[in-house]
Amino acid sequence: MTQTASDREMWTELLAGLGKRHDRQDFIALFNHFAPQIKAYGLSTQATPGLHAFAEELVQETMIRVWRRASTFDASKASATTWIFTIARNARIDLLRRGAKHKSDVDADDVWLEAEADQQPVEELEADRNRRLVREAISQLPIEQSQVLAKVYLEGKPHSEVARELNLPLGTVKSRVRLALNKMKLLVPQ
Amino acid sequence: MVHHHPDSEVLTDYAAGSLAFGQSLCVAVHLEGCPECRRRSSQLSQVGAELMNQLVPVAVEDGLLDRILGEIDGVSALPVVDIPASPIEGVPRALRKLLPDGLDAVPWKRVTSRLQTAVLGVGDAANQVALVRIKPGGSIPEHRHGGTETTVVLRGGFSDRGGNYLAGDFVSLGEDDSHQPIAHQNSDCICLTAQNAPLQFTGFWGKIANPFISIHPQ
Ligand SMILES: [Zn+2]
């Protein structure tokens, strides 16, 4: 689904507004837009029994976290899409760990959220440029590159597992990911 | 100033949430001291956001929104502060729940006169996560890794043939890498390590001083 830049700004503004006013109507609008995306993300998780129920639970867990934490969202540091992705990613990690009955006090937010939370605000122009580069590059990737990216990000498999699954040398998987990231200008120093 | 960083494979797996929990913990400790990797990691999260955004949306079940609205009714929308405001001296944020009383209250287990370890229960079935403390000038015997060994320095420093490692520095060694870390002379070196297979010791000392010999992923 393609979106224009102004669509995206709209969601980011709506999320920032939710953080200030905690209005249920804003929350419902965000739910209607993001829940089907989060569900698709949940469904792409590497096959587990009860995947459908898992995806619904992921939507619920993620959206409740969005409600609780909206006041910590800072529109100068992230877009709504990126912020909600990181919340869905962490919620998925926690649900998978819970499902595997790992007993630990530590959860995904201890290991992931704060690390990104103190990002310096980026110039709006630069952020827009970065997002556009990433978006355009992703839609133009050769299949063998988009396939490995999807496995790493959506199915949640580390490089090593992707290599085993596709019966490729680890170095090949690495270089496909690196090629893709280079097209987004992500791994070259500033 | 940190000098040894996770490579793009590790950082991408981390941002995607696909890196094992124990290794991710090591990355988190590194990120705390490395603004450059923090910036890259958040850019790599943008990639995940775009990939999620480009998936074909799937309608959720009818009752889901009502269920969620019912749940948030009683839920405060204020930020939840579950972490003490004042950081514990010398303990990275990611380790605060694991080390509530700081690095000096760790129940160390003696391995040799110069080497101690303490296993941390992080609930990672694939990785053994432990703290390792080497006395000044002490070493870990030369060893190879059956799988991946990820290390981040918390205090002090060590050297091996790969270079000098100080607080915040990150190193990930694969199956075929062999090394013999030696702690710097001036202070204890404390590291956090995650390893997904028992080490294989190559030298004589390994036979008696294998710090991880009785440790398996739990
Ligand atoms: Zn770094």
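The values are calculated or read from the model by the stated rules, or taken from the named source; none is laboratory data. Note that the coordinates shown come from a computational prediction; the quantities given were computed from them, not determined experimentally. As a convention, Cβ positions derive from the backbone with ideal geometry for all residues, glycine included, and neighbour counts pool all protein chains shown. Please note that ligands, DNA and RNA were not included when accessible areas were found on the heavy atoms of the full protein model with its side chains. Shrake-Rupley method; radii C 1.70, N 1.55, O 1.52, S 1.80 Å.
Determine the calculated [θ] at 222 nm for chain A from helices alone, applying -39500 (n - 2.57) to every DSSP H run no shorter than 4 residues and normalising by the residue count; nearest 500 deg cm²/dmol.
Values: 10 runs with 134 residues, N = 190.
That calculation yields -22500 deg cm²/dmol at 222 nm.
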Margin query: Could you work out the percent of alpha carbon pairs in the stretch B:130-193 separated by over 14 Å, rounded to a whole number?
Written below: 51
Item checked: Pair-distance profile P(r), taking every C-alpha pair of the stretch A:1-104, with 5 angstrom steps and integer % -> 2, 12, 23, 23, 17, 12, 7, 3, 0
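How would you rank B:89-98, B:185-194, B:64-73, highest first, on the average number of other Cβ atoms within 10 Å across their residues?
Values: B:89-98: 18.4, B:185-194: 20.1, B:64-73: 14.5.
Listed from highest to lowest mean packing, they are B:185-194, B:89-98, B:64-73.
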Next item on the list: With 30 Å as the limit, write out which pairs from A:K39/A:K174; A:K39/A:K157; A:K101/B:K97; B:K97/B:K135; A:K20/A:K101; A:K101/A:K183 have Cα-Cα distances beyond it, or answer none.
Entry: A:K20/A:K101; A:K101/A:K183
Margin query: Within 10 Å of each Cβ in B:6-14, how many Cβ atoms from other chains are there, averaged over the peptide?
Written below: 6
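Evaluate peptide A:18-28: per residue, the Cβ atoms of other protein chains within 10 Å of its Cβ; return the mean as an integer.
2
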Notebook entry, point to check: How big is D for the stretch A:1-60, in µm² s⁻¹ as a whole number, if Stokes-Einstein is applied with the Kirkwood radius of its Cα pairs at 25 °C and 0.890 mPa s?
Noted result: 191
Next item on the list: In Å and from the alpha-carbon atoms only, list the Rg and Dmax of the stretch B:8-73.
Entry: 16.6, 45
Notebook entry, point to check: Between A and B, buried accessible area summed over both sides at probe 1.4 Å, in Å² to the nearest 100?
Noted result: 6600
Checklist line | Overall Cα dimensions of the stretch A:120-190, principal axis frame, Å, largest first | finding: 42, 24, 20
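Under 1.5 on a/c is rounded, so check that first for chain A, then, if it is not, pick prolate when a/b is larger than b/c and oblate when it is not; a ≥ b ≥ c are the square roots of the alpha carbon gyration tensor eigenvalues. Intermediate results must be reported in sequence, preceding the final value.
On the way: a/c = 1.71, a/b = 1.16, b/c = 1.47.
Cα axes put chain A in the oblate bin.
Averaged over its residues, how many other protein chain Cβ atoms are within 10 Å of peptide B:120-130's Cβ atoms? Display every interim value, and only then the final one.
On the way: counts 2, 5, 7, 10, 5, 4, 1, 0, 0, 2, 0.
The mean count of partner-chain Cβ atoms within 10 Å per residue comes to 3.
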Notebook entry, point to check: Counting only protein heavy atoms and using a 1.4 Å probe, what share of the accessible area of the stretch A:120-190 belongs to carbon plus sulfur, as a whole percent?
Noted result: 51
Note to self: I'd like to compare A:62-75, B:102-115: which one has the highest average count of other Cβ atoms within 10 Å, and what's the full order after that?
What the structure shows: A:62-75, B:102-115
